[in-house]
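Engineer: There's a structure below that I have some questions on.
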Amino acid sequence: MAVAFSGGVDSTFLLKVAHDTLGDKCVAVTASSCSFPERELKEAKAFCETNGIRHVVVRSEELEIEGFRHNPKNRCYFCKHELFEKIWDIARELGLNAVAEGSNIDDNGDYRPGLVAVRELGVLSPLRHVGLNKAEIRELSRELGLSTWDKQSFACLSSRFVYGETINEERLSMVDRAEQLLLDLGFFREYGFAYVTMDLTGYRTGSMNETLEKTE
């Protein structure tokens, strides 16, 4: 089995269990692209090295996919379809007969166009298949001693842009560097806000009125 491995909570748990079960018949495959932070790639490599798991890193440049840069609502479908096609190619080259990914049943209740590609390409979703949700995966990860059990959830950098806003390498790099700075400073969302924005010009009286339409 080839496991699509991002280094997140779900895929780490899936990879750990798959490797414990299949041994050398399990291979981790991680996609490297400008929408995947370098810190996540380093953590994925370190996990595989520590656990003696064969790890293949494949370049998957979604910005080269026609239409992706325009950030349509089904952006994730194009990305996942291209990614899993490449993982299937690797699996076949290595004599593996299955590809698996780490979505869980919580993903069923959200808009997930990427899961359409998963279904179309015959990719397995073991965690969804057995009915595990995120909270259960975290608890099982903790029991297995995985450091990712309480890791903050992560989505690719392209998800930081609203649908229809153009995505390019420069903007993705800006987001990556800005988020890394905040992580280095110890900033995390812990109090229940859906999202947090920063006004880089700082506090000033009447700042909330600046977006109001000016009238005579």
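The values are calculated or read from the model by the stated rules, or taken from the named source; none is laboratory data. Note that the coordinates shown come from a computational prediction; the quantities given were computed from them, not determined experimentally. Glycine gets a Cβ as well: all are built from the backbone with ideal geometry, and neighbour counts include every protein chain shown.
Engineer: Quick test of your reading of the structure: Glu66 fulfils all but one of (1) part of a helix (DSSP H, G or I); (2) within 22 Å of Phe161 (Cα to Cα). Name the failing condition by number.
Structural biologist: (1)
Engineer: For region 37-63, name all the residues that are in a loop (DSSP other than H, G, I, E, B), under 27 Å from Leu183 (Cα atoms) and not acidic (Asp, Glu). Before the answer, list the steps.
Structural biologist: Going residue by residue through region 37-63, those that are in a loop (DSSP other than H, G, I, E, B) are 37, 52-54, 60-61.
Restricting the remaining residues to those that are under 27 Å from Leu183 (Cα atoms) gives 37, 60-61.
Of everything in region 37-63, those that are in a loop (DSSP other than H, G, I, E, B), under 27 Å from Leu183 (Cα atoms) and not acidic (Asp, Glu) turn out to be Pro37, Ser60.
Engineer: Quick one: which residue in Val58, Val17, Val9, Val27 is touching a Lys or Arg at 6+ places or on another chain (Cβ under 6 Å) and surrounded by fewer than 22 Cβ atoms within 10 Å (Cβ to Cβ)?
Structural biologist: Numbers: Val17 fails: touching a Lys or Arg at 6+ places or on another chain (Cβ under 6 Å); Val9 fails: surrounded by fewer than 22 Cβ atoms within 10 Å (Cβ to Cβ); Val27 fails: surrounded by fewer than 22 Cβ atoms within 10 Å (Cβ to Cβ).
Matching residue, one of Val58, Val17, Val9, Val27: Val58.
Engineer: Taking region 37-91 on its own, how many of its residues are touching a Cys at 6+ places or on another chain (Cβ under 6 Å) and either among the aromatic types (Phe, Trp, Tyr) or within 21 Å of Thr12 (Cβ to Cβ) (or both)?
Structural biologist: Going residue by residue through region 37-91, those that are touching a Cys at 6+ places or on another chain (Cβ under 6 Å) are 55, 62.
Now narrow it down to the ones that are either among the aromatic types (Phe, Trp, Tyr) or within 21 Å of Thr12 (Cβ to Cβ) (or both): 55.
So the answer is 1.
Engineer: For residues that are more than 23 Å from Lys16 (Cα to Cα) and among the aliphatic types (A, V, I, L, M), scanning just region 98-120, find the one that is surrounded by the fewest Cβ atoms within 10 Å (Cβ to Cβ).
Structural biologist: Val116
Engineer: Do we have any residue at all in region 75-87 that's among the acidic types (Asp, Glu), farther than 19 Å from Ser35 by Cα and either within 14 Å of the chain's Cα centre (by Cα) or assigned to a helix (DSSP H, G or I) (or both)?
Structural biologist: no
Engineer: Shifting gears a bit: Quick one: Leu83 ticks every box in (1) crowded, with 20+ Cβ neighbours inside 10 Å; (2) free of Cβ contacts under 8 Å to residues at least 60 places away in the same chain; (3) within 30 Å of Glu170 (Cβ to Cβ) bar one, so which box is it?
Structural biologist: Going through (1) crowded, with 20+ Cβ neighbours inside 10 Å; (2) free of Cβ contacts under 8 Å to residues at least 60 places away in the same chain; (3) within 30 Å of Glu170 (Cβ to Cβ) one by one, Leu83 breaks only (2).
Engineer: Could you list, in sequence order, the residues of region 143-185 that are in a loop (DSSP other than H, G, I, E, B), within 20 Å of Val9 (Cα to Cα) and either modelled with pLDDT of 85 or more or more than 17 Å from the chain's Cα centre (by Cα) (or both)?
Structural biologist: Residues of region 143-185 in a loop (DSSP other than H, G, I, E, B): 144-146, 151-156, 161-168.
Subset that is within 20 Å of Val9 (Cα to Cα): 144-146, 151-156.
Those that are in a loop (DSSP other than H, G, I, E, B), within 20 Å of Val9 (Cα to Cα) and either modelled with pLDDT of 85 or more or more than 17 Å from the chain's Cα centre (by Cα) (or both): Leu144, Gly145, Leu146, Lys151.
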